[in-house]
1. Being in a helix (DSSP H, G or I), without any contact (Cβ under 8 Å) to a residue 12 or more places away in the chain and at negative phi, is that true of even one residue in region 22-38?
2. Could you list all residues from region 233-259 that are of a type in the set (D, E, K, R), closer than 14 Å to ASP199 by Cα and in contact (Cβ under 8 Å) with a residue 60 or more places away in the chain?
3. Do any residues in region 129-149 that are under 15 Å from GLU183 (Cβ atoms) and of a type in the set (Phe, Trp, Tyr) have Cβ atoms under 6 Å from those of residues that are at pLDDT 95 or above and outside any strand (DSSP E or B), where the two are at least six apart or on different chains, and which pairs are they?
4. Enumerate the strands (runs of 3 or more DSSP E) found wholly within region 191-310, keeping only those where 3 or more residues are surrounded by 19 or more Cβ atoms within 10 Å (Cβ to Cβ).
5. Determine the pairs where a residue that is on the phi < 0 side of the Ramachandran plot, located within region 77-89, has a partner that is in a helix (DSSP H, G or I) and open to solvent by less than 50 Å² (accessible area, probe 1.4 Å) with Cβ atoms under 7 Å apart, the partner being 6 or more residues away or on another chain.
6. Only residues that are hydroxyl-bearing (Ser, Thr, Tyr), closer than 24 Å to LYS262 by Cβ and either touching a His at 6+ places or on another chain (Cβ under 6 Å) or surrounded by 15 or more Cβ atoms within 10 Å (Cβ to Cβ) (or both): list them for region 80-139, please.
7. Pairs please, first residue from region 163-175 and under 18 Å from GLY237 (Cα atoms), second anywhere and open to solvent by less than 80 Å² (accessible area, probe 1.4 Å) and in a helix (DSSP H, G or I), Cβ atoms under 6 Å, 6+ apart in sequence or on different chains.
8. State all residues of region 178-190 that are part of a helix (DSSP H, G or I) and not acidic (Asp, Glu); if no residue qualifies, say none.
Amino acid sequence: MAQKSKNSDQTKHDKDEVGIKLTVAGKKRVFDINEPKLPEWIQKNALTSGNYPYDKKMPRKEYEETLQDLQIELVKLQSWLLETGERVVALFEGRDAAGKGGTIFTLRQYMNPRTARNVALPKPDETESGQWYFQRYVRHFPTHGEFVTFDRSWYNRAGVESVMKFASPAQVETFLAEAPTFEKLIVSDGIRFFKIWLDIGQEMQLKRFHERRHSPLKHWKFSKMDEAGITLWDDYGKAADRMIERTHSAMAPWTIVKSNDKRRARLAVIRRVLLSIPYADRNISAIGPEDEKIIGTGPEFLRHASENLI
């Protein structure tokens with residue numbers, strides 16, 4: 001009877017330990033992505049995680065009204081690009097579930113897809129693997145009048161490829177040394193160039209992963225790579241810090257956007273683009289001022305976004 005009780009206790013202990021062991025905001029946690037109910041500690045802390053300055057999402061009505069004004073301006077911007085032949089490249093980077101795809105969709109929602117293209121490349125094939133690293137990205141660059149977004153970009157090398165060991169340390173170092181020169185050529189050729197890092201708190205990332213895992217419509221978004229990445233939060237953070245520190249420049253700066261609230265993040269990104277390009281009939285009052293609590297520039301703002309987490 002005693003043996004049975006001991007085995008029962010061990011089974012209960014094993015069940016309690018199911019999941020991924022993590023350190024979140026200095027506390028030891030166990031997170032089971034397969035458990036349908038989201039843990040209370042994630043639900044409670046998700047929005048304010050990562051030193052996010054708001055404890056409530058932007059109200060939907062306010063968001064939709066503001067977004068409509070900004071999207072009208074984006075349509076005007078696209079008309080100006082076609083008239084002048086100007087070109088835009090905007091690349092979006094960030095941790096998994098930071099909101100890159102949704103932000104790009106919202107940015108392009110009412111733009112003419114014939115001249116506003118999104119590029120989301122799969123892993124390189126055998127031929128591409130033997131090419132100059134930047135080559136397969138350059139072929140997607142804009143011609144006259146085009147607005148091109150990259151949902152992940154050449155910065156895969158300094159992020160995912162570096163952390164997951166898909167690229168060697170020497171390859172990553174070469175990339176970090178070459179990227180600023182490559183981007184100087186982009187800007188020198190007259191392309192209006194945006195590098196946007198969407199920054200997300202750890203609990204919010206776990207919340208979004210959990211939503212994907214249990215959504216009948218979005219479960220395909222949650223991959224084995226995402227699951228593996230849950231335990232590599234610190235590694236991805238160090239890789240991002242190094243990447244932004246090494247590749248931020250006055251000519252090709254990094255825009256950092258705190259993205260725990262997708263609504264605020266989308267508006268912040270669109271505003272930054274609209275305020276940076278002097279297109280015809282630009283309505284500054286309709287665009288509105290930037291929210292400096294959630295948007296900034298370069299490694300200093302990224303470090304500020306991560307303060308007081310431990």
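1. The answer is no; no qualifying residue exists.
2. Within region 233-259, ASP241, LYS258 qualify.
3. PHE134/TRP154; PHE134/PHE182; TYR137/TRP154
4. Per the criteria, 192-199, 254-258.
5. LEU77/LEU274; VAL88/LEU81; VAL89/ILE186
6. Answer for region 80-139, where residues must be hydroxyl-bearing (Ser, Thr, Tyr), closer than 24 Å to LYS262 by Cβ and either touching a His at 6+ places or on another chain (Cβ under 6 Å) or surrounded by 15 or more Cβ atoms within 10 Å (Cβ to Cβ) (or both): THR103, THR106.
7. VAL163/ASP235; VAL163/TYR236; VAL163/ALA239; ALA167/GLU161; VAL172/SER162
8. ALA179, PRO180, THR181, PHE182, LYS184, LEU185, ILE186, VAL187, SER188
The values are calculated or read from the model by the stated rules, or taken from the named source; none is laboratory data. Note that the structure is a prediction, hence the values are computed from the model and not measured. Cβ atoms come from the backbone with ideal geometry, glycine included; neighbour counts cover every protein chain shown. When the accessible area is computed, the model is the full protein with side chains, heavy atoms only, and any ligands, DNA or RNA have been set aside. Shrake-Rupley method; radii C 1.70, N 1.55, O 1.52, S 1.80 Å.
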